[in-house]
Every structure is written in structure tokens, then in C-alpha cells.
1. Collect the residues in region 71-92 that are within 54 Å of the chain's Cα centre (by Cα) and not β-branched (Val, Ile, Thr), keeping them in residue-number order.
2. Taking the residues in region 763-788 that are part of a strand (DSSP E or B) and closer than 16 Å to Pro821 by Cα as candidates, determine which candidate is farthest from the chain's Cα centre (by Cα).
3. So Tyr260 fits all but one of (1) over 25 Å from Gly216 (Cβ atoms); (2) at pLDDT 95 or above; what number is the exception?
4. Give the number of residues within region 279-290 that are surrounded by 16 or more Cβ atoms within 10 Å (Cβ to Cβ) and either of a type in the set (S, T, N, Q) or within 22 Å of Val200 (Cα to Cα) (or both).
5. Which numbered condition trips up Asp364, out of (1) outside the structural domain of Asn329 (by TED's automatic domain parsing); (2) farther than 30 Å from Met803 by Cβ?
6. Which of the residues that make up region 197-209 are crowded, with 19+ Cβ neighbours inside 10 Å and either aliphatic (A, V, I, L, M) or in a loop (DSSP other than H, G, I, E, B) (or both)?
7. Can you name the residue in region 93-133 that is of a type in the set (Phe, Trp, Tyr) and under 21 Å from Thr74 (Cβ atoms) and, of all such residues, is nearest to the chain's Cα centre (by Cα)?
8. May I ask you to list pairs of residues, at least six apart or on different chains, whose Cβ atoms are under 9 Å apart, with the first in region 791-804 being over 16 Å from Ser832 (Cβ atoms) and the second being assigned to a loop (DSSP other than H, G, I, E, B) and small (Gly, Ala, Ser)?
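The values are calculated or read from the model by the stated rules, or taken from the named source; none is laboratory data. Predicted model only: the values in this text are computed from it and were never measured. Reconstructed Cβ throughout: ideal geometry from the backbone, glycine too, with neighbour counts over all protein chains shown.
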Amino acid sequence: MSSSYHKIIPVAALALTLGVAPLTTAVGQIQAPAVAGEESQRYTLGGITISGARYLDPNTLIGLTGLKVGDPITIPGEEIGKAIRKLWDQGILGDVSVSIARTEGTRIFLDFNLKERPRLSKFVFEGISKGQADELKNKIKLIRGKVVTDALLSNTRTQVRKFYTNKGFLDTKVNISQRPDSSLSNSVILAISVDKGSKVKINDIVFEGNTAFSDGKLKGKFKKTKEKKFPKFFNSGKYQAKEFVDDKQKLLDFYNAQGYRDATILSDSLTRVGDGLKLTVRVDEGPKYYFRNISWKGNYLYDDKTLASVLGIKEGSVYSKETLDKRLNYNPTGQDVTSLYMNDGYLFFQIEPVETRVEGDSIDIEMRVTEGVQARVKDVNIAGNTKTSDHVVRRALYTLPGDKFSRENLIRSQRELATLGYFDPEKIGLNPVPNQADGTVDINYTVEEKPSDQITLSGGWGGYARFIGTVGLVFNNFSLRKAGKLSNWTPVPAGDGQRLALNVQANGLQYQAYSFSFTEPWLGGRKPNSLSVSLTKTIYRVGTNFDASTGSYLKTNGASVSLGRRLRWPDDYFTLSNALSVTQYKLNNYPGLGTSFFENGTGNATNITFNTTLSRNSIDNPTFTRRGSSLALSVNLTPPYSVFPGAHPNVTEWVEFHKWMFDASWFSPLVGKLVLNTRAHFGFIGSYNSSRPIGPFERFKLGGSGLGYGGSSNFLAGTEFVGLRGYADPNDPKSLPASRTASAGGVVYNKFVMEMRYPVSLNPAATVYVLGFAEAGNAFEQYTNYNPYKLYRSAGIGARIFMSAFGLLGFDYGWGFDQIPIVSPGQKQEKSMFHFIIGQQLR
């Protein structure tokens, strides 16, 4: 029989707790009139309806209750209580009550009356800056339309507090209020009010239990957790929980590396002392251990003596897992056991050091070796070279299909790809994929192209207050092969690794210079034999009479061709290049350069020079080098005209000299990203005939940025400008003695440099690093005055910016320590100088 009345069933109120204490929410109740003596009755569930739901799907809500039509149900009973708990657990409802809609005999129909939680329309921050608000928006990730639950509010508070805790604000208070949004139904605006409080810093770090090392030594192992004490101006003193976890591990790593393998951190505590923090760390150092017996098991290719020699750990050495791991797996400063095998193809080689005995302070180690089989390279895959042709990438690789696998060749290939200059060196990936079933390995290289071409558009004021303009184009990845197809000119054909350079510089009729060069690094395409050709033409007129027949001028025409090849001995980092160049000089009433060597500054001279250069370059990255070295010995020789029979010893028509130069540069990583660069440079020029003076060509001038200054005659004469920061540029009256006049210059020089470099940005679009330097050098006009210890010293700071489109930009501020000889009354030496560098590194 059907009942038409709406009966409400009494059920005990259900309260649930959600979120993080002390946040609790009481759930709505199932209510019923107190009918005396009423007993529980069994029904069959005939149907469920949902009321009060405006945005939630009723069918989904019914499914969440866990009740189904036809289920037996007891009134009063636990089934309805369970259903309410399941709905409440979703966190989307603010209140739930259940009533009987009607009964039909033993069938009962229930109605769940719900009150939905509001939804988020937007949120705002109060009490903080816009910049911090923007940072927080990315961290808390509140989404518009999301149901505002207790868990959401609690998580938001936690994220905001954590954000400020990591900034040192340990007393941050967060209050979140809900404001109805009148523009949207059932929506609220969250107002997140933040009171950061004062920043709390660590004033004291104390260690307990340490006897082997002082507190100061242990504090130094913390990289991020530092005291804020005088005179430590650069230590923030912030306490950051995540960084402290990392620092504790660094502390244990230090102990382990010193032989204390059992060292542990027993506890750490942070206490408030006044307006700061005191961090107390309790350690248990344990005993110091030493290596004793090291045995080998499973090795057949190499005997115990050979492996022990490569390992380099002797009995009685301090026990260090860090040292052991480096000597076994990867030793950046020398060979390790794994490289011994892997460089011979044993890619599947494995070694496991096992402690077999610990007796007192001594530990015995057994090296369990699995040599495996030799692996050969199967496929070499390249991805990411969208501009550079595959054959250009492949010819730089040392891992070829069919060759034995070699870890050394894999690392060398990565270095060669970086030195090409076409790819971002920080994003060159190499991934060997071994296949133990057939004993092969696929090697997958990934690269990311970066701009490598350069354009120079510049202008400035030169001699005689005339504007000098420069237009230069350098295409470092040019393709002559593709030049015949118009569609490849975008803007120029590219991808074959050739270099094309064009440069024009002029200020009108007074000074004009043109140059062209082309380089093919792989002549014939099969071997790294390079071919370079270049043409130059310059003219420099003096005064205001630019008539070709009566004016004063110096003209040059030059051409050169060079061949270079990579050597295999002593190793394949060596290259040998040979070049032949011809330069013609024509002077007419030209002062400065000519008066000492040409009568009345008029005459012609021809310079035919043969150059040979032996160099070795093993640097890892040409933009910001971390390790490696570059060495170069070059010799320039002209024919010895003056020793030919019948030759006049003072003849000037044919330039004669022999010139020797040596440059060396070493890079060593120190701590973190800090790199030490040391350099040494030597050079001298001489003649074949002692009765013939050394001419004005190819001399050395030191000072300033090394870019030259004060007249084009020096450039046209092939003068070597060598930077010496902290002192004036050559040709300046206040420059070094051998660099002051337009025609003079040193016949011998030496220079030494030490630089500390630290990268600020390694982005390929603009690589930036800062440096500090100390250097010393000098040039001498005569061999009789040469003194390798008479050097002009300086020190300073600087920065370098490598931009892919413009090349190198450099800024240096140098301080000269030594007095320059005075050449004119009242002259005062400038002790500090600012230098600007563009387009080249300082030598």
C-alpha cells in the first residue's frame, strides 16, 4: 500500500573530520521524529532521488552513495550512514540529510538533500607585492571553477607558508577568507591575506660530537645553510629545509671521503635565540677506516697487477667510497678501471666492490668482475640537426658503425660536436643503447642548432675626425655545393660547414679596406684536410690631397692560400697547417712607416711569406671552456734575399725576416663552475743578415685591449697587437716604450696571464661569464735590451659576452702596477684603465 505522507527517519548525527587538525567539519544529519517504541524495519530500496544539487550530476551522486535499487535496507540502520560518509568523503558537499520520500509496502524511496560547497571564481593576495603574488600563483595552482574544500584551503595555507619559509620568513601567518561572488551563482572569491613577519636568520651553527674536525671545517661543507655573522656579508643566513637536507648529505659525504664510513647525523634542532636561530647538529663520527687487502675475482683480460695499478689505491690508504667509485667508474683526471675495459669495446663490463672483512680500522675489498663480450657499434643515429647536413655531423664523430665500442671515442665525439660551433654545447646528448643479445650497441646523438653566422655593422670616429663605417658578414656554416639552387638562398646556402667571410671598412676616400676569405675544412670530403684562400686590398691616404699621383698614401694588395691537416702522432689533437701569402706594399710620400726604411717615404715592397703552424687543441667548449689546453708554435719565413749572391744588404724591395711565435693556454676546473685559465705567449722576429736591420713589418706591440690604436699604418704593416690590460693602447704617448711610435714595435716579447672565470649564463644566444685576471708582459725593440724578468704587471676584473649574431664583446677594468718611463714633461700615467674588446679574445 502506498503512503502519501513524507516521513522523516531518526538517525544519529554523523560527524566526520577532514583536512589537517584542527580543521574539522560536522556533516549534516539524517533526521526523524522520535516515535516511542518504534523498532527497526527491513525494506527493499525502491528508488533514490537527489534534491538540492544544482551543478553536480544526480546520477553520479547516486552512484557515489553505494546504494542500488533492490538492495535490502534497514530503517533505522547503518546502510544510510555509510552512504552519507561516502558522499562526504568526496569533499564537494557542505551538508547532507536523508528523508523518506514515500513507502510502497516493503519498498522504500529515499531522498538525499544536499548542499553543495561553493566553487572558486578567483583569488587575490593581500599584504604582499605583486611580484611575490605572481610567484605564488604558479605554486598553489588554484583553478577557477574548482570546489572550495577544506583540503584546498589547508593546502593553500601550507604552500604559502612553505614559500615564505624557504625565503627565511619562519613566522608567516596566512588567513583565507571567502567572499561571495555576486556575478556568479554559488561562487566565492578567496582573499589570501599574508603576514610575512620578520625574516629569521641563522645566527649560530653548532656541532656536537665532532672530534676529528672543527666546527669551522664542518660549517664549510654546508653550501646553502650559512651563518649570518660579521664579516660574512655575502651569506644570507636563510634557513631552507630542503637545502638543509642536501647540506646534511654533503656533510656525510665529506666524512665518508675522509675514511669515516660509519658517520651519521644523530639529530638536528632549530631553536629561537633572540631574533635569530641557532642550528645544532649532533654527529657520531665513528672510527676512521683504511683500505687493507684488495683482491680481484673474475678478471681474465687483465691480471691483478694491471688492474691494481689502474685503480691506484694502496694498502693503508684512507678508506673512501668516493675515491673508490672514481677509480673504478669515472676518473676525470686520469684512467679508471671501467674505461680500461670500455675503451676496448667491453660495454657490458661490470664491477662490484664487496667488503669481505672489517677488522678493527681495516677493510678488505674483493673486486668482483664481469667482463662480458666486446660490443661493436651497429647504428649511429643523429637527431636535431635541422640546418647542418648529416655528413658534416658524421665526419666529426669518432664512433663509426662496425668499430669496437669505446667510451673515450664517445666522449671525444661529444667534444668535436661542441667545437664545430653549430650546436649548443650544453645540449649535445649521447645515448648508447646496448643489445646484449647480439653484442652490439646503437649510439643516438641529439643536437640543438644555434645561430653561428655573424654580422658586423659598426661606425666610429677615426683619424682626421672622419667617420669610419664597417660592414662584415661571416657565414660559419656555408654551403658552396647548394649555391646553384635559388631556393637554398635563405638568406645564404648553409649546412656544409664551410666558412665565408666578407668585410668592408671605409671612411670615404681616405681609408678603405676590403677582405674576402673562404675555408673548406674537409677538402675532398674524406679527410679533415682544410683549404683556405683569402684576398685583401687596402689604401690609406694621409692629409687632404687624395689625388692618386701626388697625394701621400700606402696601398696594399694581398693573397694567401693555406692547407691544414689533422695529425695522428703524437695524438689526433694535433694539426699542422702550411700557408703561402703574398703582400705588395706601395708607398708614395708616406710618413711614419716609410721614412726610416724607404727614401722620402716612397717605394714598393713585396712580402712573400711561408707560414707553418703546429698546434694541439683539446678544449671541451670554445665558448666557455672548462678543461683542456691549446698549444701553438708558428713560424713565418720569407726567402733570405740578402744572403743571395750579389744582393745588396740594405735592399727594401723584398721584405725579409723570420718570425717565431708560441702560444699556450690551459684550463682547469676548480670548485663548482669556477675555472682557472693560465696562458703564456712568446714571440720574436729576426733577419737572416746581421748587417741588415729588421724592417717595420710584423713587429709586436703590447698594451690595452690588443685591438690596435692610432693609425692604419700598423694594420697594413701586419703588426701583432697583444693586449696588456691596465696600460694604454699602442701608439699612445703613455703606452709601453716599444709601442709608442707609429713605425716602431718590439722584435721580441713575452707575456703571462692568469684568469679566474665564472659563468653567469650558458645560454647559446648570449653566453656570459665574469673574470678576474693578473698578467704581466713587455716588448723590446732590440735583442740587447731583452730581459724576460722586466715585465709590466697588472690585475683587474672583466666580463665576456658571446652573442651568436655578433661574436665576442668584452669589458675589462685593469690596474697597472709598474711605472712607465716618462717621455714628455708633465706626462702622468693613468694607473687604472677601462678596456673594450670586440670580435676577438685577448692574447
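1. As a first pass, look at region 71-92 and keep what is within 54 Å of the chain's Cα centre (by Cα): 86-92.
Of everything in region 71-92, those that are within 54 Å of the chain's Cα centre (by Cα) and not β-branched (Val, Ile, Thr) turn out to be Lys86, Leu87, Trp88, Asp89, Gln90, Gly91.
2. The selected residue is Phe780.
3. (1)
4. So the answer is 2.
5. (1)
6. Val200, Ile202, Ile205, listed by residue number.
7. The first filter runs over region 93-133 and keeps only residues of a type in the set (Phe, Trp, Tyr), leaving 109, 112, 123, 125.
Cutting the leftovers down to under 21 Å from Thr74 (Cβ atoms) gives us 109, 112.
Details: Phe109: 69, Phe112: 61 Å.
My answer is Phe112.
8. Taking only residues 6 or more apart or on different chains, the pairs are Met803/Ala765; Ser804/Ser452; Ser804/Ala765.
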